[in-house]
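Report on one structure; see the data block that follows.
The values are calculated or read from the model by the stated rules, or taken from the named source; none is laboratory data. Not measured: the values here are computed from a predicted model. Methodologically, a virtual Cβ is constructed for each residue, glycine included, from the backbone with ideal geometry; neighbour enumeration extends over all protein chains shown. When the accessible area is computed, the model is the full protein with side chains, heavy atoms only, and any ligands, DNA or RNA have been set aside. Shrake-Rupley method; radii C 1.70, N 1.55, O 1.52, S 1.80 Å.
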Amino acid sequence: SASLRAHMAAPVAVAAALDWMRQAAAALAALHAAGVVHGALAADHFVLRDDGRLVLADFGPGLWPVLAQDDAAAQGQGQGPRQDPEPSGNAPTATLLPVRRDLDALGLLAYALLTGRAPVTTTGLADPVQLLAPEAAPRLPPEQGDLQALLEGLLSANPAMRYPSAQALVDDLA
């Protein structure tokens, strides 16, 4: 068993990456169904077991109650589509987070699995999702173009293009 990050030094085979994404999305769907958001999802929080199962094994600073299921609710509270209650990169001062935060993190993970690199480089406490181009998700290499819609579903700045939930991603990848 090793953290998922240990497998990300180079691009992962597409079939493995999609399987791991499905398993990660299923773990998030279970959390969200229980009314909580991870809020600090990263490759280090997943362990790939010897039997091929991916396990969400680290909850970082803790779980947060769900704030909103969609961006419309978050925007109604003065938040943009990629912003949390505390966009500074520090731990949120509010006790609620949008489900969107976990899906954004899953999109960053998907990109890294498929390409072997992060879509943006961060320093300090910067939130990598906040550094993405506001108009579009990062582009996958041409040979993986058929997976761009998956990435758009996780990272698009356009709420109409996003997955509405982790369960919707699980269903898409089934």
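Things worth noting here:
- Sorting Y111, Y163 by solvent-accessible area of protein heavy atoms yields Y163, Y111, largest first, with a 1.4 Å probe.
- In this structure, the amide hydrogen of V37, modeled 1.01 Å from its nitrogen in the peptide plane, lies closer than 5 angstrom to those of W64, V66, counting only residues at least 5 positions away or on a different chain.
- Extension gain, A118 to S1: 0.36 nm times the residue separation minus the Cα-Cα distance gives 39.8 nm.
- Accessible surface, 1.4 Å probe, highest first, among residues M8, M21, M161: M161, M8, M21
- Extending 7 Å from the Cα toward the beta-carbon at both R139 and A160 defines two label points whose distance is 2.3 nm.
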